[in-house]
Amino acid sequence: MNNIVQYLLTTVYECSKDVATGKINCLEKQVNDALPVLNVSIWRTTTPMTAEEIIQSHKQIVENTNKDLTKDEPLRIMYGFPLMQYDEKTLKENHQFTVIHGIMIEQRRHSVDEPVIVQGDTSEDARAKAIEDHLKPYEVALPFIALFPETDKYMYEIKLAHTPVGAVTEWDSSKHEVDPHLNAEQDIPLAIDPTGLHIDPDQLAKAKAEAEQKK
């Protein structure tokens, strides 16, 4: 298993478009926090089925392939809007789904009431260090599944972010250093068309022209 943590980001939204001006507004219906993951797989159902059917089927797969992860931790289940965990009616509705599954990382803390055992060196410094270590969060690997129903009304985006430390180049403006990634073109706004998921060439050309006039 890859031990490098990545981040899964998902958003569900809907859009409105002014046919007179072409202006598009997006309304976010569900923005999920970045989820630390070790690995993910994404697949789509080919025929309509219920969320319950997918969950039960996947539980059996996970239990057979990841027994070490599931013996103490149940499968973590997440739902994309408009599917809600507490709404039993929507759980029984037939949809085609986009399904994400894999291993997530959850940070936990020991209970402050849990006794701290100090072995060997029992000096004051050793006890303080043991208490400090006890209070630090620890990480647990959990199997998860996330269900996004494919409907006619709502869009969603699924992104996987790989953020290694080496991708950040440090520089110091107080020493009159220049940003090594400074690029004149980054001042040009990219005009994204969310209904087509591509850069609109006409809007991009207009943005470039406006940027040239500002120089």
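The values are calculated or read from the model by the stated rules, or taken from the named source; none is laboratory data. On a predicted model such as this, the values are computed, not experimentally measured, just so you know. Neighbour counts run over all protein chains shown; Cβ positions are idealised from the backbone, glycine included.
The rows are residues; the columns are (1) surrounded by 13 or more Cβ atoms within 10 Å (Cβ to Cβ); (2) at pLDDT 90 or above; (3) out of contact with any strand residue (DSSP E or B) (no Cβ under 6 Å at 6 or more places or on another chain); (4) not acidic (D, E).
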| residue | (1), (2), (3), (4) |
| --- | --- |
| T11 | yes, yes, no, yes |
| A34 | yes, no, no, yes |
| V40 | yes, yes, no, yes |
| R44 | no, yes, no, yes |
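Going by the structure shown, is L83 at pLDDT 75 or above, among the hydrophobic types (A, V, I, L, M, F, W, C) and assigned to a loop (DSSP other than H, G, I, E, B)? Against the criterion (at pLDDT 75 or above, among the hydrophobic types (A, V, I, L, M, F, W, C) and assigned to a loop (DSSP other than H, G, I, E, B)), L83 qualifies. In segment 142-181, of all residues being of a type in the set (D, E) and not assigned by TED's automatic domain parsing to the domain that holds N94, the one that is farthest from V12 (Cα to Cα) corresponds to E177. If a residue must be modelled with pLDDT of 80 or more, touching a Pro at 6+ places or on another chain (Cβ under 7 Å) and not aromatic (F, W, Y), how many such residues does segment 86-99 contain? Within segment 86-99, residues that are modelled with pLDDT of 80 or more, touching a Pro at 6+ places or on another chain (Cβ under 7 Å) and not aromatic (F, W, Y) number 3. Filter segment 1-52 down to residues that are among the β-branched types (V, I, T) and not in a loop (DSSP other than H, G, I, E, B) and give me whichever is farthest from the chain's Cα centre (by Cα). The extreme case among them is I24.
The set of residues from segment 12-50 being farther than 18 Å from P149 by Cβ, touching a residue at least 24 places away in the same chain (Cβ under 8 Å) and not charged (D, E, K, R) comprises I24, C26, A34, L35, P36, V37, L38, N39, V40, S41.
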